[in-house]
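Undergrad: Dropping the structure in here first, questions after.
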Amino acid sequence: MTEWRPWIESGDGLIPDRILAALKADIAGGVLAPNTRLPTHRRLAEILGVGVGAVTKAYAEAEARGLVNAHVGRGSFVAAAAERRAVRGIDAGPIDLGRNLPPAADAEANLAESFARLRRRADLDAHLEYPPPAGFEAHRQAGAAWLSRTTTGMEVDWRRLICTGGAQQAIAVAFGAACRPGDPIIVEAATFTGVKALAAHMNYRLTGAAMDAEGLLPQALEQAALTSGARVAYVQPLQNPTGRIMSLARREAIVAVARARDLLLVEDDLYGAYATDLGLPPLAALAPERVFYVSGLSKSLSPGLRIGYCVPPDGGRWMERCLEALRAIAFGPPGLGGLVAAQWIEDGTADAILAAHRKALTERAQLALTILGGAPERPQNRSVTHLWLPMSELEAERCAARALRGGVQVSPPTAALTEGSREHGLRVCLGAAPDIQVLEHALRILAHALADGDERALGMV
């Protein structure tokens, strides 16, 4: 390739930070291929018109992060993907198809420059204090703007939005406002494992309701309400673990049951940003008087931000009760993580990261559907974070074990199931693998496991 000439004119940070950010972005974007020789310290300083010390500092930090290899007398070279993974500890165990994470490269590429921009914010020092009860105003305004532009038909009033330490905490806040220990809560027959953990800790009694190809069945919701006496239901319009998506008619039917039975709904829309192309409104837009709307940034931007959002139902004391629950759980909203999130949302970085994640997950989903053939259910949306492979409970356990022997970890087959659930299968997550080459390798191992390949065949993939 031609000599590397990074673009650092638009950065707000110090020169070494800009060089490092440009290097990470060009590696992530494929501009710099593995084993590419970088300009010498002196040569890059000449190209950029900066001091040699700035380049030396940037290269040293890049080497410490496993991005480059430096050889005395030979120069600095872009590290191979496997070497970068080893530095980050990725090669220390099985390939991860079990955790639902977005691809990390784009958020990582923006992090250093974002910290540099944060130093220039007039409100930086305020973030060393306890945040206000619902979060800093700038964080709430940014969160409301983000939710409004990553959903369909819902304009979020920032004054009703509460910042939380991730969507899991937002769910805990909603449950804490609407339930008491020992209360029943209706969930889908296969549900988010975090809700199961929360219920076990808080002594909520979960009642599973049957599902079909669109997720929760309205008649199952109604029957569960009648038999359990529950007044609260936890619902995922884009379902985890199955990836099934409710149609508009199904959403309207769920809302109709909730109104008829006077149910409160806790809507978990954490994956909604990946299905905006379908034009489906959240349940909160259809029934704002009875829906706690929960979302966050761990799947759309980065889990390390630990930022979630809870929008209580209109009217009543729901806002006050949610703030009481948050204060009891965590004493208040997050501060510094919310600052990074607000900065990204305000300056457009968040939109760029989400766009990159959508593109990468679309490519990864196409690859997975090609390799796994007819095993997964076909998703409705293009940007897919996880696939669901329906099979019997026994076969799911056996397949997961075969894949693990081959070096691939999938989600534990029974982790999401409620008592008596018939929704057996494997969830396969597509974002955690560090790059598409590693993902392809893992998917081929999984394909052999699905075909009941022996250990020798698995090891040869």
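Undergrad: Tell me, yes or no, whether region 256-271 has at least one residue that is within 20 Å of Arg364 (Cβ to Cβ) and either open to solvent by less than 40 Å² (accessible area, probe 1.4 Å) or at pLDDT 95 or above (or both).
TA: Yes, region 256-271 contains at least one residue that is within 20 Å of Arg364 (Cβ to Cβ) and either open to solvent by less than 40 Å² (accessible area, probe 1.4 Å) or at pLDDT 95 or above (or both).
Undergrad: Further question on the same structure: Being open to solvent by 10 Å² or more (accessible area, probe 1.4 Å) and in contact with a strand residue (DSSP E or B) (Cβ under 9 Å, 6 or more places away or on another chain) is true for just one of Leu226, Leu206, Leu248, Leu216. Which residue is that?
TA: Leu206
Undergrad: Mind counting the residues in region 135-153 that are outside any helix (DSSP H, G or I) and surrounded by fewer than 22 Cβ atoms within 10 Å (Cβ to Cβ)?
TA: Total satisfying the criteria: 4.
Undergrad: Then there's this: Assess whether Val55 counts as being within 20 Å of Ala116 (Cα to Cα) and open to solvent by less than 10 Å² (accessible area, probe 1.4 Å). Lay out the reasoning, then the answer.
TA: Values: within 20 Å of Ala116 (Cα to Cα): yes; open to solvent by less than 10 Å² (accessible area, probe 1.4 Å): yes.
Judged against the criteria, Val55 is a match.
Undergrad: Name every residue in region 348-393 that is modelled with pLDDT of 95 or more and among the acidic types (Asp, Glu), in order of residue number.
TA: Across region 348-393, the qualifying residues are Asp351, Glu363, Glu377.
Undergrad: Right, something else. Which pairs do you get when a residue that is within 15 Å of Leu369 (Cα to Cα) and at pLDDT 50 or above, found in region 438-459, comes within reach of a residue that is surrounded by 20 or more Cβ atoms within 10 Å (Cβ to Cβ) and hydroxyl-bearing (Ser, Thr, Tyr), reach meaning Cβ atoms under 8 angstrom, with the pair 6+ apart or on two chains?
TA: Nothing qualifies.
Undergrad: Which of (1) open to solvent by 20 Å² or more (accessible area, probe 1.4 Å); (2) under 18 Å from Lys196 (Cβ atoms); (3) more than 21 Å from the chain's Cα centre (by Cα); (4) not polar (S, T, N, Q) is the odd one out, the single condition Ala396 does not satisfy?
TA: Condition (1) is where Ala396 drops out.
Undergrad: Restricting the search to region 115-132, which residues are buried (at least 16 other Cβ atoms within 10 Å of the Cβ) and in a loop (DSSP other than H, G, I, E, B)?
TA: Answer for region 115-132, where residues must be buried (at least 16 other Cβ atoms within 10 Å of the Cβ) and in a loop (DSSP other than H, G, I, E, B): just Pro131.
Undergrad: Out of all the residues in region 247-269, is one or more touching a Cys at 6+ places or on another chain (Cβ under 8 Å) and either under 21 Å from Thr193 (Cα atoms) or in a loop (DSSP other than H, G, I, E, B) (or both)?
TA: No, region 247-269 has no match at all.
Undergrad: When the residues of region 97-114 are filtered to those that are open to solvent by 30 Å² or more (accessible area, probe 1.4 Å) and not in a helix (DSSP H, G or I), which remaining residue is farthest from Gln409 (Cα to Cα)?
TA: First, pick out the residues of region 97-114 that are open to solvent by 30 Å² or more (accessible area, probe 1.4 Å): 99, 101, 104-106, 108, 110-111, 113.
Keeping just the survivors that are not in a helix (DSSP H, G or I) gives 99, 101, 104.
On the way: Arg99: 9, Leu101: 14, Ala104: 18 Å.
This residue is Ala104.
Undergrad: Search region 183-208 for residues that are without any contact (Cβ under 8 Å) to a residue 40 or more places away in the chain and over 21 Å from Pro237 (Cα atoms) and pair each with any residue that is open to solvent by 30 Å² or more (accessible area, probe 1.4 Å) and of a type in the set (A, V, I, L, M) when their beta-carbon atoms are under 8 Å apart and the residues are at least 6 apart or on different chains.
TA: none
Undergrad: A follow-up question, please. Within the bounds of region 367-384, is there any residue that is touching an Asp or Glu at 6+ places or on another chain (Cβ under 8 Å), in contact (Cβ under 8 Å) with a residue 60 or more places away in the chain and under 20 Å from Val156 (Cβ atoms)?
TA: no
Undergrad: Does Leu264 satisfy the criteria of being touching a residue at least 12 places away in the same chain (Cβ under 8 Å) and within 25 Å of the chain's Cα centre (by Cα)?
TA: So Leu264 fails the test.
Undergrad: With the checklist (1) open to solvent by less than 50 Å² (accessible area, probe 1.4 Å); (2) part of a loop (DSSP other than H, G, I, E, B) in hand, flag the one item Ile186 doesn't pass.
TA: Unmet for Ile186, out of (1) open to solvent by less than 50 Å² (accessible area, probe 1.4 Å); (2) part of a loop (DSSP other than H, G, I, E, B): (2).
Undergrad: Consider Gln168 against the criteria (1) at pLDDT 95 or above; (2) part of a loop (DSSP other than H, G, I, E, B): it satisfies all of them except one. Which criterion is unmet?
TA: (2)
The values are calculated or read from the model by the stated rules, or taken from the named source; none is laboratory data. The model shown is predicted, which means the values in this text are computed figures rather than measured ones. Here the Cβ is made from the backbone with ideal geometry for all residues, glycine too, and neighbour counts use every protein chain on show. Each accessible area value is taken on the protein alone, full model and side chains, heavy atoms only, with ligands, DNA and RNA left out. Shrake-Rupley method; radii C 1.70, N 1.55, O 1.52, S 1.80 Å.
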